[in-house]
Every structure is written in structure tokens, then in C-alpha cells.
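Reading through the C-alpha cells given below for one structure.
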Amino acid sequence: MNTGPGSHSGSQGSGGGESSTTGAQLRAARKQCNLGIEQVARELHLDSAVIEALENDNQAALPAPIFVQGYVRSYARLVGLPEDEMVQSYGIQGVQPPPLSVVGSGERLPRYRLLATRHLRNIVLVILAAILVWMAYPLVERLIEDRVDMADDSVPGQLELPPVLDTTRPFE
């Protein structure tokens, strides 16, 4: 796919994957496809300065290597170069991302057990019930006193019957 005219690129030939750098290969393929930098930038949704930095192998102007690997893959796909080989070539040029490592203090923090949600809910309900009883106590006490006062007015042993309706008269 790539004829790779290395003499036409004019970049620093560090002797990466083939006879030219990843940026030079991308530039040559772009020119072979008759694409301008602005067209490539628009197609990849990148800034034209990023495309120029990729083609010039300017690592200082590029973001983190993990992002650049994605840019190289997309750029290679756009111009018809083998994506995996271009990403490997980019990695061989000395821009491998640092290896990931797990950093821990080695010191275990004490674990505090939190109350289960069910227990917490029950505690809140008991507290609310206690507050309700405390606030309702004066009202209940007054109702009891009123009943005692009403009971004193009645005669013990006598029931008051409700008035009897006269059923002999027809309804009018």
C-alpha cells in the first residue's frame, strides 16, 4: 500500500520501522492521497497543529502517548496504511507510554462497619415515635381530664338512651 518515498519527506530519519519515521510515512501517504493537512485535521476531528506535529515527529507538541497512538491509528486508517504496523512503528521510536503500576501505601486502614440500612431506618423510626409521643402527651392528658370531668356529671348505674323515633307517622 505504501510506496514510502522517504526522500520526499524531509524529516529526521531515525531508522524506525522502515527507512523513515512514522510521521514521514503518514505525510507521504497523505500526499499520495492528495489530502491537505486541513482536510486530514477536519476528517480526524483534530487541530491542524496536531497533524503537523505528528508528521514532523514533534513529541513535545503532542499530548500523552496513549492519545497519540489513537491519532496515529486513525490517521493510518484514513490514508490507507496498516494501522497496527504504524502504531508499532510509533512505539519503536521511543515513545512507549510508561508501564502502569499499582501504588499503595501497604498500610491497611481500619474498617468501620456501618449499620445496615434496615437498622438505621428502625433507629430513626423509634426516635420519631418518641418525639411524637413526647409532643402529643399534653393533648392526651387534656383529653383524659375532659373525660373524667364528663364522667363526674353522669349518675352511676344509669345509662342515657338516645331519643326514640316515632315510627307510627308516615314520612311526609
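For residues that are farther than 20 Å from Gln88 by Cα and at pLDDT 90 or above, tally how many sit in the range 1-42.
The total comes to 12.
Starting from residues that are within 30 Å of the chain's Cα centre (by Cα) and charged (D, E, K, R), keep the ones in the range 47-76 and report whichever is nearest to Ala24 (Cα to Cα).
Ranking the candidates gives Arg73 first.
The values are calculated or read from the model by the stated rules, or taken from the named source; none is laboratory data. These figures come from a predicted structure and were not determined experimentally.
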